[in-house]
Amino acid sequence: MLPHFSSRAFLAPMAGVTDPALRLQCKHMGAGLVVTEFTNIHSIIAKEKQLKEDLQTIQEFIEYSDQERPISVQLFGSDLFALEKAAQIVEPYFDIIDYNMGCPAPHITRQMAGGALLQEINLTQQIFSTLVNAVKKPVSLKIRSGVTDANKFLFREIAEIAEDEGIQMITLHPRTVSQGYSGSADWKMIKELKEISGIPIVGNGDILTPEDAKTLIDETNCDYVMIGRGAMGNPFLFEQINDYLKTASYKEYSFNDRLDSFFDYLHLTSNYKIKFSNIKSQAMRFSKGMKYGSKLRSKITFTKNIVELEKIMKNAYVSS
Ligand SMILES: Cc1cc2nc3c(=O)[nH]c(=O)nc-3n(C[C@H](O)[C@H](O)[C@H](O)COP(=O)(O)O)c2cc1C
């Protein structure tokens with residue numbers, strides 16, 4: 001059974017972005033579910049072996065905290081034996097096992113993983129059945145609509161197979177793999193998926209404001225919405241969406257609030273092994289849209305450590 005979600009707005013998995021500190025921040029701001037960055041099933045198996053020798057667990061590799069719960073772990077890779085093993089390794093730690101069938105990056109699709117799988121109907125069926133039988137925790141799926149424009153409705157068949165095999169929730173990002181991030185997400189496909197499915201559907205793609213989230217829910221009747229790029233450097237969006245859905249209004253946040261939020265993020269990072277280069281990228285995202293933001297971002301690029309970064313971000317506060 002799926003866990004209880006405290007809100008309808010979920011944080012999307014984003015490799016290099018949704019580290020455990022950012023996820024926790026989004027959770028505090030009202031995200032109903034957070035998902036880890038996608039993880040290679042073969043790396044999980046290799047790491048677990050190594051960690052076991054040091055009497056450590058996979059938590060050292062996929063870092064998270066209990067405060068993030070419910071938390072979903074996202075896997076990619078299509079070797080059935082490895083998939084079963086990796087799912088069993090992570091199962092005790094996470095509330096949902098999510099499977100990635102949407103990643104368009106060539107280094108992933110070339111290994112018969114991510115979005116490339118959408119056109120491999122037989123293998124897909126085996127993957128779903130392997131995963132669902134491997135674990136007792138609920139298994140969910142994240143897909144794009146198809147691989148190319150010519151087969152952009154593959155999601156229909158994939159979703160039917162997924163449901164038949166016991167997948168409990170599907171997130172659809174309605175762009176094809178070859179589209180990458182160009183054009184816009186075709187929300188009509190989310191509506192169609194909701195109509196043909198008997199399991200919860202999460203609508204994803206191009207939600208940047210609380211109004212977008214409400215429009216997506218109203219137009220498609222999807223059960224939940226998932227936000228990726230709109231939440232980058234902007235964890236406030238979850239609170240705003242939740243408030244807007246309840247009261248049709250929400251609190252606006254200033255750039256100084258965004259800077260405060262960056263310092264909250266920075267504070268949380270000290271609990272995890274997050275690379276300084278990733279923290280710098282987050283600082284850039286938190287400065288998105290700020291006055292003199294591009295100047296600030298070029299200064300951020302040159303910082304060599306946390307102390308330098310803190311100094312630059314402190315100087316960015318606008319006096320009122
Ligand atoms: C930098 C970045 C990294 C991403 N990494 C993942 C990932 O690890 N797993 C996944 O399923 N999707 C990944 N995505 C896709 C997002 O989860 C989401 O489906 C997509 O960005 C569309 O939603 P949005 O318009 O709200 O950003 C990534 C997207 C971005 C921008």
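Please treat every number below as a calculation from the coordinates, not as lab data. These numbers were taken from a predicted model, which means no experiment stands behind them. Here the Cβ is made from the backbone with ideal geometry for all residues, glycine too, and neighbour counts use every protein chain on show.
As a proxy for reagent exposure, R297, R69, R110 were ordered by neighbouring Cβ count within 10 angstrom, fewest first; the result is R110, R69, R297. A P(r) calculated from all alpha carbon pairs of the range 169-228, with 5 Å bins opening at zero, reads 4, 22, 33, 24, 14, 4, 0 percent.
Run the numbers for I121 and D257: contour at 0.36 nm per residue of separation, minus the present Cα-Cα distance, in nm. Walk me through the numbers on the way to the answer.
Values: separation 136, 0.36 × 136 = 48.96 nm, distance 4.74 nm.
That pair, I121 and D257, stretches by 44.2 nm at full extension.
If you find the alpha carbon centre of the range 277-320 and of the range 117-156, how far apart are they in angstrom? Result: 40 Å between the Cα centres. Our note on the geometry: Cα centres of the range 176-227 and the range 1-30, 17 Å apart.
What is the sum of charges, Lys and Arg at +1 and Asp and Glu at -1, for the other residues whose Cβ falls under 12 Å from the Cβ of I199? Don't skip to the end; give the middle numbers.
Numbers: positive: K194; negative: E160, E163, D164, E165, D223.
Its environment carries a net charge of -4.
Seen from all directions on average, the range 200-320 presents a Cα convex hull projection of 8.9 nm². Shape index of the range 1-55: Rg/Rh, with Rg the Cα radius of gyration and Rh the Kirkwood radius from the inverse mean 1/r over Cα pairs, equals 1.10.
May I ask you to list the chymotrypsin sites (Phe, Trp or Tyr not before Pro) in the range 272-320 that are in a DSSP loop and have at most 11 other Cβ atoms within 10 Å of their Cβ? Let's see the in-between values first.
On the way: sites: Y272, F276, F286, Y292, F302, Y317; in loops: Y272, Y292, F302, Y317.
Here the sparse-neighbourhood loop sites are Y292, F302, Y317.
Where does helix 236-247 land angle-wise versus the long Cα axis of the chain, in degrees 0 to 90, nearest 10? Taking the Cα atoms of the chain, the angle to 236-247 is about 70 degrees. All distinct Cα pairs of the range 9-247 go into the 1/r average, and the inverse of that average, the Kirkwood radius, is 17.8 Å. Charges were assigned to the Cβ only: +1 to each Lys and Arg, -1 to each Asp and Glu. The resulting dipole of the chain about its Cα centre is roughly 1260 debye. Pairs of Cα atoms nearer than 8 Å and 6+ residues apart set the relative contact order; for the chain it is 15 percent. Across the range 255-315, Cα-Cα pairs more than 20 Å apart make up 15 percent of the total.
Taking other residues whose beta carbon is less than 14 angstrom from the beta carbon of E252, and scoring Lys, Arg as +1 and Asp, Glu as -1, yields -2.
Between the helical axis of 80-90 and the dominant principal axis of the chain, each derived from Cα atoms, what acute angle in degrees is found, rounded to the nearest 10? Approximately 50 degrees, to the nearest ten. For the range 9-89, the normalised intensity computed at q = 0.11, 0.17, 0.25, 0.26 Å⁻¹ comes to -0.31, -0.69, -1.15, -1.19 (log10 of I(q)/I(0), Debye sum over alpha carbons, equal scatterers, no solvent). Dividing the helix sum by the residues of the chain, where each DSSP H run of 4 or more adds -39500 (n - 2.57), gives a mean residue ellipticity at 222 nm of -13500 deg cm²/dmol.
Kindly put R23, R175, R285 in sequence by how many other C-beta atoms sit within 10 Å of each C-beta, fewest to most. Write down the numbers at each step before the final one.
Details: R23 28, R175 25, R285 18.
So the ranking, lowest neighbour count to highest, is R285, R175, R23.
Neighbours of K273 by Cβ distance under 11 Å: Lys/Arg scored +1, Asp/Glu scored -1, total -2.
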